[in-house]
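The values are calculated or read from the model by the stated rules, or taken from the named source; none is laboratory data. Only a predicted model underlies this, so the values are computations on that prediction, with no experimental measurement involved. Here the Cβ positions follow ideal geometry from the backbone for every residue, glycine too, while neighbour counts run over all protein chains shown. To get the accessible areas, we keep the full protein, side chains included, count just its heavy atoms, and leave off ligands, DNA and RNA. Shrake-Rupley method; radii C 1.70, N 1.55, O 1.52, S 1.80 Å.
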Amino acid sequence: MTRRARPFGSGGPLVYLLALVAVIITLGPVVYGALGGFRTNEQLARDPSGLPDPWVFSNYTAVLSNDAFWRYALNSSIVALVTTVVAVLFGVMAAYPLARYQFRGREPLFMVFVLGLLFPAAVAIIPLFILVSQDLHLANTWWGVALPQAAFALPITVVILRPFLMAIPRELEEAALIDGASRVGIFWRLVLPLSVPALVTVGVLAFVASWNAYLLPLLLLQDDMRTLPLGVADYSSEHSSDTAGVLAFTTLAMIPALILFLAMQRRIVSGLQGAVKG
C-alpha cells in the first residue's frame, strides 16, 4: 500500500510547529530590540510590545555619530580577525597530521582536543588573567585577548577539520608526490584549497565567538581598548534612562556578526556536512 502524502512534507505539522516556536524564541528578542530602537522612550513606556508609531531614526543616528561606538567596533573587529586567523591557521596545522598521518598516540592526542570542548574559559579566567597581564605583559592589548580566545577556539576547530581532512582522497596526495611536490607543498597547494568549506565554517564560528566575548575582555581591556560587548554595558550604564537608545546601540553591535553568519550560512552547512561524512 502506498503511504498518503503528508501535507507538510516529510516532517509533519508537529515538526513545523516546533520549528516555528524555536524561530520565535530565537528571533523574538532581536526583532524587539531592533524595532525598539525606532521608538521613543515614551512609546516604550506606554506600549512596550507595540510597533513604532511614528518611526524615530534619531536613536540610530545618535549611536552612529558616537565616536565611542566606532572605537569599540574597531577594537572588536581587530580582535575577532586576529582570533580567527590564529585559530584557523593553527587549527588546520594541528588537524592535518591528526587526519592524514599514522603515528603512535594519534588518537589520545586527538582526545586532548575533544576534552578541550568540556573546559570552559570561565574556569581558567583568573590564572589566564595573571599569565597574560603579569607574565606576558599583554594586558590592555589586542593580542592579549585574541591569543587566549584563539586557544579556546582550537578544540572545536580541530574537531571539525579532522574528519573533513580525512575525507580527502589519498590518491590526490599520491599523484602530487609523484609529480614531485613536497609534504609542505601538498598541504598549502592541495589540502588547503580543498578544505575551504570547512575553513570557512570554523572561521565564522571563531569570529562570532570572539565578537560576542565579554568576560576575558572585561578583565584585560580598559578605556579606549574596550570592545563592543563592553561598550554596550558601558552605554547601558551611562544611559540607563534612555531605553530606546540602548536598544539601538545593542542592535547595531549585533549587525556585523549577524551579517557574516547569514552570508556564510551555506558554506557553514557545507563544511559541517563534509565533516559528518568524513
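Observations
- The residues of the stretch 155-173 that are in contact with a Phe, Trp or Tyr (Cβ under 9 Å, 6 or more places away or on another chain) and open to solvent by less than 30 Å² (accessible area, probe 1.4 Å), listed by number, are P155, T157, V158, L161, R162, L165.
- There is no residue in the stretch 234-246 that is closer than 27 Å to G203 by Cβ and at pLDDT 80 or above.
- Restricting L89, L118 to residues that are at pLDDT 90 or above, open to solvent by 30 Å² or more (accessible area, probe 1.4 Å) and of a type in the set (A, V, I, L, M) narrows the list to L89.
- Selection within the stretch 37-53 - assigned to a loop (DSSP other than H, G, I, E, B) and either open to solvent by 80 Å² or more (accessible area, probe 1.4 Å) or without any contact (Cβ under 8 Å) to a residue 12 or more places away in the chain (or both): D47, P48, S49, G50, L51, D53
- Complete set of residues in the stretch 54-76 that are crowded, with 16+ Cβ neighbours inside 10 Å and outside any loop (DSSP other than H, G, I, E, B): N59, Y60, A62, V63, F69, R71, Y72, A73, N75, S76
- Against the criterion of being within 22 Å of the chain's Cα centre (by Cα), farther than 21 Å from L258 by Cα and at pLDDT below 90, P169 does not qualify.
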